[in-house]
Amino acid sequence: MKLSFDTSDTPEEIVRAASGEGSLTYRQRPFESECFENRTFEVLDWDTRDFAALFNAFLSTVQLATGDLVYLRLPADAIAAIKAAEEAGFYFIESSIVPFIKLRNWDRAKYRRFISPMQPACPSTIDEVEEIARATFRGLRFNLDPNIGDERADRRYLRWLRNAYEAGEDIQVLKHHERIAGFSLLRFDSNDTAIYRLAGMRPDLKNAGLGMMLYASTMASCQDRGVKHIDGGISMANTPVLNVMAGLGFLFRDPTIVFHYYVR
Ligand SMILES: CC(C)(COP(=O)(O)OP(=O)(O)OC[C@H]1O[C@@H](n2cnc3c(N)ncnc32)[C@H](O)[C@@H]1OP(=O)(O)O)[C@@H](O)C(=O)NCCC(=O)NCCS
């Protein structure tokens, strides 16, 4: 059974249990390791029921030290795997879900009052985008882990955002009375699909209809450039965003749970 899904193309290393009966796949995460000043690993999969033995084999291979972090993502209904991970010392961080929509089915006319032109972030606006993003990070997974803490988590997300900007990923801003009200960060994976990676609203402008405007305008701009599907990933605790997305016609799939293991 495949216990975790993975969309990254970073190389994997494989460690085998001492019994030789199974294997656990994992990879080191150099980007997180650098931002957190530790070694961060992601466990990707394992192929026997004996997680404890495989995880012990992993621990003796990598020799974790204080401050190191291991994480894994499991389907929300993989009860036996969740129990095994908790018994090994992993703790719950967040549950998340993938919103998706086929834009050809999107009834754009219904939302036209929310659609407004967006502009690409540029050198004169990226600092303001980062300032808005900081408020958004508070709900994200590394900030939720008190063992990481806001300082290290913010550093990670800010670098990630800055890297995305410098790599030419699409950051669109929505303006309101000459100020930036919010932004959307998307990655276009192929000609057809956009991955909605992050969105944020200026906190003092909430509850005025601008959130709907941000998401509807982002969808319209995707449709205008020929995108056929939008996909993403969002915490199930983030009911404001889930409501906005549901209100605009998104559906949801692949509920998963993220667990962390931290060495004190
Ligand atoms: C979600 C967000 C965009 C809403 O912005 P907003 O300007 O307050 O939203 P709007 O005024 O347009 O409200 C739109 C809908 O959002 C939902 N909503 C807003 N606040 C909510 C809350 N506190 N709880 C539940 N739903 C809420 C409601 O369905 C609302 O529609 P309604 O007023 O008809 O009931 C904004 O809160 C935000 O940016 N949050 C942080 C984004 C984030 O978490 N990003 C990371 C994951 S991508």
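The values are calculated or read from the model by the stated rules, or taken from the named source; none is laboratory data. This structure is a prediction, so every number in the text was calculated from the model and none was measured. A quick note on method: Cβ atoms are made from the backbone with ideal geometry, for glycine too, and the neighbour counts reach across all protein chains shown. With ligands, DNA and RNA removed, areas are computed over all heavy atoms of the protein, side chains included. Shrake-Rupley method; radii C 1.70, N 1.55, O 1.52, S 1.80 Å.
Put simply, when 187-197, 118-128, 52-62 are sorted by average Cβ atoms within 10 angstrom per residue, most first, you get 52-62, 187-197, 118-128. Relative contact order of the range 96-190, taken over Cα pairs closer than 8 Å and 6 or more residues apart, is 27 percent. Computed over protein heavy atoms with a 1.4 Å probe, the carbon and sulfur contribution to the accessible area of the range 113-203 reaches 46%. Please determine, in degrees from 0 to 90 and to the nearest 10, the orientation of helix 210-224 with respect to the longest principal axis defined by the Cα atoms of the chain, where the helix direction is its Cα long axis. Around 90 degrees separate the two axes. Taking the Cα centre of the chain as reference, the dipole from Cβ charges on Lys and Arg (+1) and Asp and Glu (-1) amounts to some 1000 debye. Counting only Cα atoms, the size of the chain along its three principal axes is 62, 37, 31 Å, in decreasing order. Under a model in which nothing but the beta-carbon of Lys, Arg (+1) and Asp, Glu (-1) is charged, the range 48-90 shows a dipole of about 60 debye around its Cα centre. With no solvent and one point per C-alpha, what does the Debye sum give as log10 I(q)/I(0) for the range 68-187 at q = 0.11, 0.17 Å⁻¹? These q points yield log10 I(q)/I(0) values of -0.56, -1.04. Placing unit charges on the Cβ atoms of the charged side chains and taking the dipole of the chain about its Cα centre, the candidate lying farthest along the positive direction among Asn191, Leu103, Asn163 is Leu103.
For the charge dipole of the chain, defined by +1 on Lys and Arg C-beta atoms and -1 on Asp and Glu C-beta atoms about the Cα centroid, which residue among Thr66, Leu251, Thr48 has the Cα displaced farthest towards the positive pole? Farthest along the dipole direction, towards plus: Leu251.
Relative to the longest principal Cα axis of the chain, at what angle does helix 51-62 sit, 0 to 90 degrees, rounded to 10? Helix 51-62 sits roughly 90 degrees off the main axis of the chain.
For the range 194-241, count all C-alpha to C-alpha pairs, find those more than 12 Å apart, and express that count as a whole percent of the total. Walk me through the numbers before you get to the answer.
Numbers: 771 of 1128 pairs.
Above the 12 Å cut-off, the range 194-241 has 68 percent of its Cα pairs.
Please get the size of the charge dipole for the range 111-158, origin at its Cα centre, with Cβ charges of +1 on Lys and Arg and -1 on Asp and Glu, quoted in debye to the nearest 20. Show your work: numbers first, answer last.
On the way: 8 positive and 8 negative charges, 68 e Å.
In debye, rounded to 20, the range 111-158 gives about 320.
Note: relative contact order over the chain, using C-alpha pairs below 8 Å and six or more positions apart, is 27 percent.
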